[in-house]
Amino acid sequence: MKQLSGLDASFLYMETPEMPMHVGALHVFELPAGHKGSFLADIRRHLASRLPLAPALQRKLAWMPFNLANPVWIDAVPDLDEHVVPVKLKKGATIADLEAKVGELHPQLLDREKPLWKFHVFEGLAPGPNKEKRVAMYTKLHHAAVDGQAAVALASAIFDVTPEPRDVKKHERPEKKLQIGMAEMLSGVFANQLQQYANIVKGLPTTVGALTQVARQGAGGVAGAAVAKVRGKASDDSVSLGLAPRTRLNASVSTERAFASVTLPLAELKALRRAHDATLNDVVLMVCGGALRRHFLAHGPLPRKSMVAAVPVSTRAAGDTSSNNQASMTVVNLGTHIADPMKRLLYVKEATAAMKATLGSVKSLMPIDFPSLGVPWLMSAVSSVYGRAKVADRIPPIANVAISNVPGPGFPVYLAGTKMLTNYPTSIVVHGVALNITVQSYDQSLDFGIMACGRAMPEVAEFAQHVHEAFAELKSLPHTASPPVPDNGTRAAAGTPVARKKAPARRRPVAHATAPTRASAPSR
């Protein structure tokens, strides 16, 4: 028995029919040559053998008496016939058909009386470009159980790195205690609450120190230093953490969802990162911002002020693979009001530099757990009223879009002997932020999952095309990174400075834009 943290439980309390709180992905697989039988049956058999390695799939919620505090996780044996289900597609279905089906399935809530996950297996997908047989799977896992990095850790238990599944020895596990008494549950929960209060007291010195540091820095401190590094290259309003401009994305969401996917070549994205002395996150934000600018020019109005992205920030320690949420949120300006793509890129780099500089000072103040007595009543009531009263339509928006970048495996993986071709994330939209763009690296690609409220932004397929166009625009920019200083071949004694000749200026080649392509993704 383990009580949910305050952050984990909040995803349960915020969930409504309009705001499902599960995450997952749309995977496309290539069946091995000569495959016979049912892919659905293969998956069920495979998962049955891997359940001992995946505790997040073998637990369910037990609610507190009178909903006094956060629920607890208890052991449960999932019925794989109910958790791994078939979905019939029309013969010769395309990727676009899969995306539409995900849009239909995503609003359906998970059953809280069972383990909070479900896998939908699609058969009927058209063959790939080389006539290879393909199948697909759409996964759902409740956000109360996993965050993005925990989901990656879970996938490592299920997937293999070779077509031949690895031999998993049966783990010696204690007999599951599926039922617990009320007295045991209450005593455990109250002990947890006392521990949370103790943690708050112990953390006060660190909190006070961090707040003091932030207060000393003030508006001209860390953020100002970040601006100073790039002053004159972009607009200083990139570091402003003011409110976002109101757009049609800043509305109360409905029960409808629209989904689209994009695959971009990871090697080219990394080359662009180096060419502009940027990070991969900078490049992703630049591409997303360029796509948003194009989309709102077509389906306007485009705000005169920069649109703002809400960006999750992981607080997970290195090597921590526990199945829970360890993340917080910050905001970044995207420069969508800037027509010149080079100026927009510099603006995004400045914005992310300022965000990182200020984030380091307050990261220790971001709790993932806190006392929960009475919280279930309060949060559930507030969430319900917030949606029914359409509060998001009235209050000033903080962000226009959520953008998340989750690292994935840099090599091919296999499920029950089938090679995974794509890994399109499917995430959450909430009242006031009706568009979520989650990207995850996989093998040689960066896969985008674009989830939107179907009423606020039904034209997600068009937006996906704008992502390709924004990527081509970025490729067309002249490189801006400083060339490395060449080594003149001489060595100096220790402690003696080496005089180097200044490298002659040389004209860098300009990469030309190419037509958008899905060469690394399965054909539609």
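The values are calculated or read from the model by the stated rules, or taken from the named source; none is laboratory data. This one's a predicted model, so the numbers in the text were calculated from it and none came from an experiment. Cβ atoms come from the backbone with ideal geometry, glycine included; neighbour counts cover every protein chain shown. Remember, those area values only see protein heavy atoms, side chains included, never the ligands or the DNA or RNA. Shrake-Rupley method; radii C 1.70, N 1.55, O 1.52, S 1.80 Å.
Shape call for the range 61-165 from the C-alpha gyration tensor, a ≥ b ≥ c root eigenvalues: rounded (a/c under 1.5), prolate (a/b greater than b/c) or oblate?
Taking the square roots of the gyration eigenvalues as a ≥ b ≥ c, the range 61-165 is prolate.
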| message | What percent of all Cα-Cα pairs in the range 409-459 falls into each 5 Å bin, going from 0 up to the bin containing the maximum distance? | response | 5, 20, 21, 18, 13, 10, 10, 4, 0
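Give me Rg over Rh for the range 103-163, both radii from the alpha carbons and Rh done the Kirkwood way, two decimal places. Display every interim value, and only then the final one.
On the way: Rg = 14.6 Å, Rh = 14.0 Å.
For the range 103-163, the value is 1.04.
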| remark: The answer for Val401, listing residues at least 5 apart or on another chain whose modeled amide H is closer than 5 Å to its amide H, is Val308, Ala310
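Computed from the mean reciprocal separation of all distinct C-alpha pairs, what Kirkwood hydrodynamic radius does the range 260-307 have, in Å? Walk me through the intermediate numbers first.
Working: mean 1/r = 0.0828 Å⁻¹.
It works out to 12.1 Å.
So for each of 278-290, 399-411 I average, over its residues, the number of other beta carbons within 10 Å; can you give me the resulting order with the highest mean first? Show your work: numbers first, answer last.
Numbers: 278-290: 23.4, 399-411: 20.0.
The densest-packed peptide leads the list: 278-290, 399-411.
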| note | The long-range amide H neighbours of Arg134, using H built 1.01 Å from N in the peptide plane and a cut-off of under 5 Å, are Leu31, Gly128
| task | On each of the three principal axes of the Cα atoms of the range 1-53, give max minus min coordinate, whole Å, ordered largest first. | result | 49, 30, 14
| Looking at the range 74-132 from every direction and averaging, what is the projected area of its Cα convex hull in nm²? | 5.2 nm²
| message | Quick check on the range 1-92: take the gyration tensor over C-alpha atoms, sort the square-rooted eigenvalues as a ≥ b ≥ c, and tell me if it's rounded (a/c under 1.5), prolate or oblate. | response | prolate
| note | Residue by residue through the range 272-287, the couplings from Karplus 6.51 cos²θ - 1.76 cosθ + 1.60 with θ = phi - 60°, in Hz, x for Gly and Pro, are 5, 4, 5, 5, 10, 6, 10, 9, 5, 4, 4, 5, 4, 5, 5, 5
| note | Checking rank on 108-120, 4-16, with mean other Cβ inside 10 Å and highest first, the result is 4-16, 108-120
| What residues have an amide H closer than 5 Å to that of Val413, excluding those fewer than 5 places away on the same chain, when H is modeled at 1.01 Å from N in the peptide plane? | Met420
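Could you please report the charge total around Met19, scoring K, R as +1 and D, E as -1 over all other residues with beta-carbon less than 14 angstrom from its beta-carbon?
Values: positive: Arg257, Arg388, Lys390, Arg455; negative: Glu15, Glu18, Glu256.
Net charge in that neighbourhood comes out at +1.
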| remark: To the nearest Å², the heavy-atom accessible area per residue of the range 5-67 with 1.4 Å probe amounts to 35 Å²
| query | Which net charge results when you count Lys and Arg as +1 and Asp and Glu as -1 among the other residues whose beta-carbon is under 12 Å from that of Leu40? | reply | 0
| message | Test of understanding: what is the full-extension gain from Thr279 to Val313, defined as 0.36 nm times their sequence separation minus their Cα-Cα distance? | response | 10.7 nm
| How far apart, in nm, are the 7 Å Cα→Cβ label points at Asp79 and Leu109? | 2.0 nm
| query | Between Ser476 and Asp167, what is the label-to-label distance in nm when each label sits 7 Å out along the Cα-to-Cβ direction? | reply | 5.7 nm
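Give, as a single signed number, the net charge of other residues whose beta carbon lies under 12 Å from the beta carbon of Met420, with Lys and Arg counted +1 and Asp and Glu -1.
Details: positive: Arg134, Lys419; negative: Glu30, Asp160, Asp443, Asp447.
Net local charge, Met420 excluded: -2.
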